[in-house]
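The values are calculated or read from the model by the stated rules, or taken from the named source; none is laboratory data. Being a predicted model, the structure only gives us computed values, none of them experimental. For neighbour counting, all protein chains shown are included, and Cβ atoms are generated from backbone atoms with ideal geometry for every residue, glycine included. Just the protein is used for accessible areas: all its heavy atoms, side chains included, with ligands, DNA and RNA removed. Shrake-Rupley method; radii C 1.70, N 1.55, O 1.52, S 1.80 Å.
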Amino acid sequence: MPFNPFKSHDRSDFPGVVVPITSFPAHRPHSPAHAHTGSDSEKKSTDDARSEAAASLPECGQMLSVKALRAEVESDIATSGHDSAYDRKAKVINRAIQDIGMGRYQWELFVLCGFGWLADNLWLQGVALTLPQLELEFGVSESRVRFTTCALFLGLCLGASFWGTASDIIGRRLAFNMTLFICGTFGLAAGGSPTWIGVCALFSCMGLGVGGNLPVDGALFLEFLPFASGNLLTMLSVWWPVGQLIASLLAWAYIPNYTCASNLPSCHKVAAGVACCSKQDNMGWRYLVLTLGALTFTMFLCRFVLFHLYESPKFLLSRGRQDEAVAAVHGIAYKNKATTWLTVNILNEIGGYPEETPNQTLSTMQIVRRSVSKFSFERVGPLFATKRLGFTTILLWFCWATIGMGYPLFNAFLPQYLSKSGNGGTTSTYIVYRNYAITSVVGLPGSILACFLVDMRYLGRKGTMAIATLITGIILFCFTASTNSNTQLVCSSLEAFFQNIMYGVLYAYTPEVFPAPNRGTGTGIASCLNRITGLCAPLVAIYGANANPNAPIYASGGLILAAFVAMCLLPIETRGKQTL
């Protein structure tokens, strides 16, 4: 069909995709209604709430019918905490997408959502790579220039808070495209800023877009993902180290060749407030930022031009656009060359006809309240329903908070640390960016290896995560033991490798231990703590380094080791178990 990114489809655009509901089996394999990872005592309260509705569920082998679908929805409603026409119809949509299965539409969306993860670390590392050059051009001291990273994290925190709720109000499709558009636009603008304050301001605005990528892309991908393929959500984290790799290779190509620092190694000793070189002699970091901005804008164009994203059916339902919601599901089936049983009549039979059931739509205030309610006591309380689950919740939040600060304390300022190695406390710009690129290359396989280690019999999630975290913390202290550039290269490379294993498993493990009705709350608070402590990290690096230049690295290692202790105390192992 002709390209039109703003087109609202109707069901006539996708002929031949609707088949009778009896063409599909009634039983849902790997259904959340039939699985649990916690203890028997945790399971009991959930089963009691569901037992009456579940009694009418069909046996395995029977074919789906409206009656069986209604019983299934009633069973899920018993533990969801919400019971309205919207909620019932949303569960019907979920089942329809599950029956369509994984296909071309979801795989293309996996790549495009992966761009969001890639952009997140692309810019986090990109800003870190510019710090030594900002010192040179604007005469900013080594510690004060770290406020640049602080400005970025401020934008990240605000962006994550704003876009998560905004996507429920303006729609996933607009938010999905706007985050990368803002990121690319302000990223390009930052490359031409004439002052350091301007660079910080533009990086902060760029962070508003970057910060929205993870919550928006994750929520969007999950809404189009069949439940049986839910683990692909955690696979998105594989894109994260790719962003670091791209940024580091570009920095290695640009900065040593287009900066005065390659000819003036003594620039680092110039008094604060005195610029070492002019803009014309220090274009390397600008070329880097402009290229990163162009790449981000290209990723936006790929989303906007090359891929037709159907609006989230759940968002359309919340706005009373029921026909469009059904058409979106038909579009997914059409793209996947599959069939679906979903029709408007079936949706109405389960959730109620609009003329008979009032309040089929959600107002803006209701959407905001639902978003805020994720952090209300009613949603947080069940995470502490038992001692075992409560202990796990506290430990996981602690891990996310400590790692959230420990990670940027080292990685966000690694180019500065590397520039202080070598004879006399300085090393050439070429060696700094070469070593950083090598570090990124060595770290990349860590995320991939984590996907295999987590299912090993004697390691599992907990073992893999704890061992990788312990090694990461130890290597951070080893990094400070020598100023030899080759020794620090070995340490930074190993640290990146095990750190990516740690983060990859933590992303997978966290949603697995929380029960489904409160999973969004548990993971949302973990992510929030991670961003808040990340915002504090530059402040620790700025003021802590005044007493000892290695103090931020010591703090990073200590925080990572504290996370290791917490991981050893986690009581739940999720390997080989289905999530509730």
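Give all pairs with beta carbons closer than 7 Å in which a residue from the range 556-575 that is assigned by the TED database to the domain that holds Phe479 meets a residue that is modelled with pLDDT under 95 and not in a helix (DSSP H, G or I); count only pairs at least 6 apart in sequence or on separate chains.
Hits for this filter: Ile572/Thr37; Ile572/Gly38; Thr574/Thr37; Arg575/Val454; Arg575/Asp455.
Could you identify the single residue in Phe452, Phe477 that is free of Cβ contacts under 8 Å to residues at least 12 places away in the same chain, assigned to a helix (DSSP H, G or I) and over 24 Å from Ala251 (Cβ atoms)?
Phe452
For Lys420, all conditions in the list (1) open to solvent by 10 Å² or more (accessible area, probe 1.4 Å); (2) out of contact with any Asp or Glu (no Cβ under 9 Å at 6 or more places or on another chain); (3) within 27 Å of Leu559 (Cβ to Cβ); (4) modelled with pLDDT of 75 or more hold save one; what is the number of the exception?
For Lys420, the exception is condition (2).
For the range 140-159, give me each residue that is open to solvent by less than 30 Å² (accessible area, probe 1.4 Å) and modelled with pLDDT under 85.
None - no residue of the range 140-159 is open to solvent by less than 30 Å² (accessible area, probe 1.4 Å) and modelled with pLDDT under 85, so the list stays empty.
Mind checking which pairs have a first residue in the range 125-151 that is in a loop (DSSP other than H, G, I, E, B) and a second that is among the aromatic types (Phe, Trp, Tyr), Cβ under 6 Å, 6 or more apart or different chains?
Sorted first by the residue in the range 125-151, then by its partner, the pairs are Val140/Trp196.
Which one of the conditions (1) over 17 Å from Leu131 (Cα atoms); (2) open to solvent by 30 Å² or more (accessible area, probe 1.4 Å); (3) in contact with a helix residue (DSSP H, G or I) (Cβ under 8 Å, 6 or more places away or on another chain) does Phe452 fail to meet, given that it meets all the rest?
Here Phe452 meets the rest and fails (3).
Considering the range 176-202 alone, what residues qualify as being open to solvent by less than 10 Å² (accessible area, probe 1.4 Å), within 18 Å of Leu156 (Cα to Cα) and polar (S, T, N, Q)?
Selection gives Thr179 alone.
Could you list, in sequence order, the residues of the range 498-553 that are part of a helix (DSSP H, G or I) and either assigned by the TED database to the domain that holds Val238 or aromatic (Phe, Trp, Tyr) (or both)?
Passing the criteria: Phe498, Tyr503, Tyr507, Tyr509, Tyr543.
Out of all the residues in the range 396-412, is one or more assigned to a helix (DSSP H, G or I) and at pLDDT below 90?
Scanning the range 396-412, I find no residue that is assigned to a helix (DSSP H, G or I) and at pLDDT below 90, so the answer is no.
Residue check: is Trp107 surrounded by fewer than 21 Cβ atoms within 10 Å (Cβ to Cβ) and closer than 21 Å to Ser447 by Cβ?
yes
Scanning the range 456-503 for residues that are touching a Leu at 6+ places or on another chain (Cβ under 7 Å) and β-branched (Val, Ile, Thr), which turns out nearest to Ala562 (Cα to Cα)?
It comes out as Ile475.
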